[in-house]
Each structure stands twice: as C-alpha cells, then as structure tokens.
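Chemist: One structure coming up, written as structure tokens, with questions to follow.
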Amino acid sequence: MKAVVMAGGEGTRLRPLTSNQPKPMVPIVGKPCMEHIVELLRGHGFDDVIVTVAFLPQAIRSYFGDGDSLGVNIEYSVEETPAGTAGSVGLASDKLDETFLVISGDALCDFDLTRLVEFHKERGAAVTIGLKSVENPLEFGIVVTDDDGRVERFLEKPSWGQVFSDTINTGVYVLEPEVLQHVPTDRPYDFSKELFPLLLEMGRPLYGLVMDGYWQDIGNLDQYRQANFDALDEHVALGIPGIRLRGNVWLGEGVELDDLDQVEGPALISNYCRIAPDAQVAAYSVLSASVTLRERARTTRSVIDASTHIGRGALVEGSIIGRSCDIRAHARLQEGVALGDEVKVGEESVIMPGVRIYPYKEVESGAQIHESLIWESRASSRLFERDSVSGLVNVDLTPEVVTKLAVALGTALPRGARIVSSREAPAACRMIERAMIAGLNSTGVDVSDLRVLPSAVGRHLLKTHDYAAGFHVGFSAADAEVVAIRFYEEPGIQLTAELQKEVEKHFNRGELRRVAGDSVGNVDYPVRAREIYAEELLETLEQDAIRERDFRIVVDYGYSAASLVLPLVLGSLGVEVVAAHAFSPSGDIGPRASLRSLIGQTKKLVNAVGADFGVVFDRAAERLYLIDESGHEIPVEQALLLFLKLIGSNGRRGKLAFPVTVTGQVDRILKGSGLEVIRTPASLSELTKAAAQDGVIFAGAIGGGYVFPDFLPAYDAMASLCKLLELLAPVEQPLSSLVSELPVSTLVHRQLPCPWAQKGTVMRVLTERLKGRDLDLVDGIKVKDRRGWAQVLPDPDEPLVHIYAEGQDERTSNELEEELRQLVEDVLQEEADISS
C-alpha cells in the first residue's frame, strides 16, 4: 500500500517557529515532525510515500530527498494553488490506484496503522477515519459512530453547545481510490468538511476506529512544547536519537559534557552539543544538534533548536528557541517565550513571559521586553465573552490592548471599509472609543463617529448605509466597573461567530495590516443621525392609531443617551411622557443607579401620575422593563409572552425567533395564529442573525430584549417601546388585565460546575445514554417526553453547564431538572473516579 503524507501546512499559529519553515519541519526531540511520521509509516510496511507540499516546498524536498536515507521511496505532489486537504491528495490521484493511507506530516502520533488498515478491509469501507478521544474537542472535527464503527454524523469545529462527543477526527484516513472521483479540481476541497459529508449523504460505507495510541496536533506553541515533553516521558513511541543513559537521558554523538550530573532527566542532548563546566541541563530540556551552553548557563522545560548559543549565566526556562540564536551572557528568557531563527538577545536582557520574537531580530543589551516583536502583545486567547469584549479600564482594557483589538478588526475587514462607532458619556468610554478609532484608521478603515448616542442609532446606520461593521463602547449592565465594547455587522446584527473568530485570529497571531501614511483611514461625524433614526422609525409605525389612543407613560431612561433620540419619536406620536433619569453629559449616574432602584422609583411614579404604564431602559438602551398601570413590575418572562399575545392577536403573518431555552409557552400562545416559531442556539449573535432572515417579524429572549426586524434586527429599547404602543393602541384592556390572562411559565434554570476538560465527555456520554429518546440538538442536548423537556447546555465562557427544564407544573419541572442534573453529575463522578 501507498501512503500520502500531507505536508502543505503553513503553521501560522506556530510562528515565529514557522515564519521561515513549513510546519512539518518543526523539530520534535531533534527531528522534524514529519520524519517521525515517515518512520512510523516505514515501521508499518508503507514503503511508497507521496508527500503533498505547498508552503516552502523546497525545505521539505531538500531534507527528505527521495527518501532513500529513511528506507522509503518518496515522491512529491506540488500544490500550486490552495487545494484543500482532499484537493491536495486528489492532485496525486494518478499515482493512487489501490487502497491507500493518508496522514498529516505535522501531527505527532504512534498509531497502529496496520490495525487501521485491517479494520478498513474487514468492514469493506470506502473510508476509514482514525479517531481519538480528547478533553477539548472545540478545535477539531467531531465524528459520531454507531456500535459497529459506522459514521453517523460529522461536525466541524463545534461550539460547546454543539459538542455531542469527544471523539475527534485525527486526519489519519484509509481510502479507496474511487472516492477521489468526487473531488473537484477547480476549487479548494476538504476531506472532513466536504468530501466525507458528501459520501455519507450518498450512503457510502464510512467507518471510524478509535485508536489507542498517542496523537497530538502540533497546532500552537504550547502543544509543540508538550509534544516534546511527551516524547521524553515516552508517552509516544518515537525513535529518539542518541544513547540512552540513566533511564531518561539521551546523548547524541560528539557531545562535550564534563559530568553527567550536570544533566537532570528527562532530557535530550543531541549530536555535537557543548555543555560547559558548571552549566546545567535541567529536566525537560530538549537540545537539538550543536547547541552550546556556556559556564553557569541553565535550561529547563525548554526546546532549543540547532546551533543556538546560550551565553554565560543565561537562564532559559519554559521557552522555545529557534535555530542559530545567540543568547548572550546573563540574559533571562521566562516562561512561554518563543524566539524565531537567528534572533540575538543582548547581555543581561530579560524577555518577559509569553513574548514572541520573530526571526532575525536583535534585542539590545539590558533591555526588558514586555511585548512581542513586531506588533505582538500578550492577551487572553479568547477575546469575546457574551457577545462583547469587556474588562476593567486600564487593567484589562488598556489603550494598547484596545488599539490592537481595533487593528485586528480592521485587518479582518477590507481596506477602505467604513465603520460606525458610538459610546456612552464617561471619559473612560471616550478614551476607549478613540483608541479603537486610531487602530482602525491605521489599517486603512474609515470611521464615522456618532459620539454619545445609543448603539441602536449606529446599528440603524449600518442597516441603511454603506458600513461594513460598527461598535459601541459602554459600561456593562452586570458590573458598573466594567466597560464593554459591543460589535455588530450588516444589517445591524450582533457580530457573528465567524467574524469573531477572524478578529481573534488576527489579534492572537499578531499578523496585523498596517497601511502607508497616505492610506490611513479618515474620521467623520455624521449629521442628523438621530433625526434620520427617528424619522425612519416613525415610518414603520401606525402613527394615527397611536395618536388616537392618547397614551400617558412614564419613561425612565436609565441615564442612557436614548433621551437624546426618543423624544423626537414620542413627540410626533402625541404621547404624553413623564421622563426620569435622562442622559447626563458628565456621565455621572449617581449612587442609586442600579436597575432595581430605577424600577422601584418608576413604580411609584406610574402611580403618582396615573400613567397607562411605565418603562425602564438599561444603560445601553437595548433592554426594556415594564411596569403596569397599577405600579407592578411585569416579570421579563411575562413581558415576552405579552408581546407574543399582542402580535398573535393583530392578524400578522410571519416567523418569530426564540432561543431554544425560552419557555414552551410561546408555542401555546401562538397556536392557531398562523405564526411560525423558529428556535435558535442560545446566543444573542444567533438570535439576531435569525431575526435578519426574510419573513421574521419578531424575535426575543428572556431578559427584556426584543427585536422588530422590519426596523432593526437587534435589541433596541426605543423601537420596542414604540412597537408596544402600536400593539396596545387598538386594545381597550389595561396592561395588568392583559398580563393576568397570560400563562405562567414553570421553566427552571440551574447551573452546575463542570471542568473545561470534562465538557466534551459530558456531552458525549449524555448523547450515548439518551440514545433512542426524543432529542433536539440545535444547541446542547434537549430531551423531550410527555412530561415536558429538559436541556443541558455547556457555558461558552465559564467552567459550568446550564440545565433548563420545563414541565406542566413546577413540581414536574424540578423533577425533569433533577433527572438530567443527576445524569450530568454521574458522568462527572465517573470521570473523577477514573482520574483518581
């Protein structure tokens, strides 16, 4: 049999190691990763190897040649333009006329390939996929199989809510040559995303075999370092070069070492290394060929590539160092540092944790380097939490971090794109908005600054004008000390997961677009933005009906800038308004500005003035909280049902969107109304994305947020209030009477701590144990029966899972919740027992 080694990987997340060499060439215990793969193939009888190359192909060709030195015959297939995983193998189809194996040249493994081939032939498979159970399946493609190993389902790079298994696709396949007939030649084509789902749909026999051996994707620097350490610990069966001494120390040829006591295992000292007297090679040091350690130098938990020089008294701990680097005397490289090839670090310099320095750079003597060279700074790999980027001002969100975030966003957008921005009044919001604008301009992106206005005005401009994206800077509703930057894209929806990932990718890799001085973006200040918003909102309303009703209402603006906009609408509608807590130019919201206190004051005010009802806005003017005419707060669950009852009774037709976690009472209220309910994953991004689809007339979730897409596919308290006035105009009943007729939801919600590493296992085991039940897998796992439903949903930002349940009454809801929670707790306990 022939084997195809995919070696076209660029390895952008491994930079600076891969800045000037392809990913398969990064060394693992002194050899390129691909060399270990070729040795594995040879050990299982694969003597004919085809290598697909793309990025810097000559580096691979010049090292491996025709494969004679490794005891195999190597041919090369060059990918001139990006062809995708299946496309790159398809280019070599003329050389593949019988069953063959495909394996990645940049993922370290020691699988029993012979057993995989045998399994493939036993099952008569068209495709057999090597599978592996992992703790965190988010970055991989999940494969679900039946008891016989036949593939039932694929899911590429899921969110936690989509994780139904922890069994992932390792990129090791056994294929029949005829499957390549389905690979197009005119565009990139992927095995796991396109070919395998197509074959599954065609009914071809696809199988998966869970492999017992070691597998590690060398996707980032931490994984790269861990793979080297795993090799030293012999978690993976590799041919480590050198003579083995004292059980876990390997010495290559020609090593100059005074005393073996200078070395603490496990460690590798490759050919021709020179270890001076008094130098120390501590545990988990991997020294490639010709590395020099001068007197009193020390390495620990570090991987150092060939021909690097470590000067006298230098300390290298927890670092990765490329080829031919020069680390001068008494320099210190701290945990997580990564240097590219031929970097020079001057005497007594300190490279702080997590810093990356790209190839051929020089650090001056005595320097302290806190940020990566060039354009690189340390930050969390996950930027977006709960649909925004948030943190303490000048602690988490410093001007440097914010500017880099803006540059990452600008890099993800086309040069010359336009962005609209807005903010709240406080000086901290102004500072962060200006830092964002500067960063965006540096990428050639133009910004229209609305200054202090609600985000809805910016979203509306994004829908009606030629803007690519927008952002709003304001304080978090959950924490008055935290500033949140909320992003949105056309046509005013919350930033989608796809664009979030693109921004995070540019931010974390530090590969950011910088334009020349004559291409820097501009800033303008749109005129009449709020007037345009008000005029177009009025055009969507039944104005005469609202005027005839002659409403008197109380509006507590919650200190939001909505007070600069909403009077333009309500005045035209003839609504008598008693207003409170309008926008403050200073941004000072006083000591009693909590939402609960504002609602309490509004209750009293409604009674005092005899209003038809009252509303309270949140600080962002996105969410709306209702008070009935008797001064009673309407719970947010009931408020959502109130909107539905009013919409369902006015004869409109269309679709209504709700997250899967919203009460089933919405279906009961709308039954027979001719309105269609669609369910979305439990995120604001997915909800607003669904709201923007054709035919959707309303969307909402528990929490005071409502969407009327005919005006704006986003939460907008101002539009929601106006739409409520329109819906109430023909209704004679007071608000309290309407609410009293609504059903009461029995939905319960619990949170259960769940370690990150166990989330995938929990979802996989639950899917297995609930097999045969009525399941809904739109987001998480929702199990239904005659009593009601229960759902488990992993939290995307915290180490916990959410459990929702709803039955016919409160007792049944608690029973359903307890049953599902017990299943989750049992899985967690079993995993804890295995670990101990």
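The values are calculated or read from the model by the stated rules, or taken from the named source; none is laboratory data. Predicted, not measured: the structure shown is a model, and the values here were computed from it. In this analysis, Cβ positions are derived from the backbone assuming ideal geometry, glycine residues included, and neighbour counts consider all displayed protein chains. Remember, those area values only see protein heavy atoms, side chains included, never the ligands or the DNA or RNA. Shrake-Rupley method; radii C 1.70, N 1.55, O 1.52, S 1.80 Å.
Chemist: How far, in nm, would the chain grow between Asp544 and Thr185 when pulled straight, counting 0.36 nm per residue and subtracting the alpha carbon separation? List each step's numbers first, then the result.
Modeler: Working: separation 359, 0.36 × 359 = 129.24 nm, distance 6.10 nm.
Gain on extension, Asp544 to Thr185, equals 123.1 nm.
Chemist: What is the range 59-104 by shape, rounded, prolate or oblate, if you read a ≥ b ≥ c off the alpha carbon gyration tensor as root eigenvalues and call it rounded for a/c under 1.5, prolate for a/b larger than b/c, and oblate otherwise?
Modeler: Numbers: a/c = 2.24, a/b = 1.33, b/c = 1.69.
Cα axes put the range 59-104 in the oblate bin.
Chemist: Could you work out the relative contact order of the chain, using alpha carbon pairs under 8 angstrom and six or more residues apart, expressed as a whole percent?
Modeler: Values: 1958 pairs, mean separation 66.8, N = 836.
Across the chain, relative contact order equals 8 percent.
Chemist: Can you give me the Cα centroid spacing of the range 760-829 and the range 313-336 in angstrom?
Modeler: First find each Cα centre; the distance between them is then 49 Å.
Chemist: Which three extents, in angstrom, do the Cα atoms of the range 380-475 have along their principal axes, listed largest first?
Modeler: If we take the Cα atoms of the range 380-475, the spans are 36, 26, 23 Å.
Chemist: Also: Can you tell me the Rg and Dmax of the range 1-56, counting just the alpha carbons, in angstroms?
Modeler: Cα radius of gyration and Dmax of the range 1-56 are 12.0, 37 Å respectively.
Chemist: Can you show me the helix-derived [θ] at 222 nm for the chain, built from DSSP H runs with n ≥ 4 at -39,500 (n - 2.57) apiece and divided by the number of residues, rounded to the nearest 500.
Modeler: Details: 21 runs with 235 residues, N = 836.
Rounded to the nearest 500, it is -8500 deg cm²/dmol.
Chemist: For the chain, report the accessible area per residue in Å² (1.4 Å probe, heavy atoms, rounded to an integer).
Modeler: Values: 33130 Å² over 836 residues.
In whole numbers, the chain has 40 Å² accessible per residue.
Chemist: Return the Rg/Rh value of the chain, two decimal places, where both radii are evaluated on C-alpha atoms and Rh is the Kirkwood radius. Don't skip to the answer; put the middle values down first.
Modeler: Working: Rg = 30.8 Å, Rh = 30.1 Å.
Using Cα coordinates only, the ratio equals 1.02.
Chemist: Figure the gain on full extension for Val520 and Gln733 (residue separation times 0.36 nm, minus the Cα-Cα span) and round it to one decimal in nm. Show your work: numbers first, answer last.
Modeler: Working: separation 213, 0.36 × 213 = 76.68 nm, distance 5.82 nm.
Full extension of this stretch gives 70.9 nm more.
Chemist: Related question: Given the chain, what percent of its DSSP beta bridges are antiparallel, to the nearest 5?
Modeler: 45
Chemist: Let me ask something additional. Can you give the FRET efficiency for Asp258 and Ala283, using 1/(1 + (r/R0)^6), R0 = 25 Å, r = Cβ-Cβ distance, to the nearest 0.05?
Modeler: On the way: r = 19 Å, r/R0 = 0.76.
Computed FRET efficiency for Asp258 and Ala283 comes out at 0.85.
Chemist: Can I ask one more? In the neighborhood of Met1, defined by Cβ-to-Cβ distances under 13 Å, what is the net charge if each Lys or Arg adds +1 and each Asp or Glu adds -1?
Modeler: Numbers: positive: Lys2, Arg42, Lys95, Lys121; negative: Asp47, Asp48, Asp97, Glu98, Glu118, Glu176.
That works out to -2.
Chemist: Under a no-solvent Debye model with one identical scatterer per Cα of the range 414-455, what's log10 I(q)/I(0) at q = 0.27, 0.28, 0.34 Å⁻¹?
Modeler: Cα-only, vacuum Debye calculation for the range 414-455: -0.90, -0.94, -1.15.
Chemist: Ranking request for peptides 485-493, 173-181, 619-627, 289-297: highest mean number of other beta-carbon atoms within 10 Å first, then the rest in descending order. Each step should come with its number before you reach the end.
Modeler: On the way: 485-493: 22.9, 173-181: 18.6, 619-627: 25.1, 289-297: 21.3.
Ranked from most to least packed, the peptides come out as 619-627, 485-493, 289-297, 173-181.
Chemist: Ranking request for peptides 639-649, 351-361: highest mean number of other beta-carbon atoms within 10 Å first, then the rest in descending order. Before the final figure, lay out each step's value.
Modeler: On the way: 639-649: 21.6, 351-361: 20.1.
Top to bottom by mean Cβ count within 10 Å: 639-649, 351-361.
Chemist: Okay, next question. Divide, for the range 791-836, the radius of gyration over alpha carbons by 2.2 N^0.38 Å, where N is the residue count. Please report the intermediate quantities before stating the final value.
Modeler: Working: Rg = 12.7 Å, N = 46, 2.2 N^0.38 = 9.4 Å.
Expressed relative to 2.2 N^0.38 Å, the Cα Rg reads 1.35.
Chemist: Now, a different point. So how far apart, in nm, are the two label points at Ser630 and Lys95 if each is 7 Å from Cα heading toward Cβ?
Modeler: So the label points at Ser630 and Lys95 sit 8.2 nm apart.
Chemist: Please work out the Cα convex hull volume for the range 456-511 and give it in Å³ per residue. Working shown, then result.
Modeler: Working: hull volume 5.6 nm³, N = 56.
That works out to 100 Å³ per residue.
Chemist: Moving to a separate point now. Say each of Glu830 and Gln751 gets a label point 7 Å from the Cα, pointing the same way as Cα to Cβ; how far apart are those two points in nm?
Modeler: 2.7
Chemist: Quick one: what are the phi-derived ³J(HN,Hα) couplings along the range 749-766, Karplus 6.51/-1.76/1.60 with θ = phi - 60°, whole Hz, x for glycine and proline?
Modeler: 9, 10, 10, 10, x, 8, x, 3, 5, 9, 4, x, 5, 4, 5, 5, 5, 4
Chemist: Next up: For the range 619-756, what Kirkwood radius comes out of the mean inverse Cα-Cα distance, in Å? Numbers along the way, then the final one.
Modeler: On the way: mean 1/r = 0.0645 Å⁻¹.
When all Cα pairs of the range 619-756 are included, the Kirkwood radius is 15.5 Å.
Chemist: May I pose another question? Hey, any idea what % of the chain's accessible area is carbon plus sulfur with a 1.4 Å probe?
Modeler: Details: 15260 of 33130 Å².
C and S fraction of accessible area: 46 percent.
Chemist: Please work out the ratio of the alpha-carbon Rg of the range 529-649 to 2.2 N^0.38 Å and round it to two decimals.
Modeler: Dividing the Cα radius of gyration by 2.2 N^0.38 Å gives 1.07.
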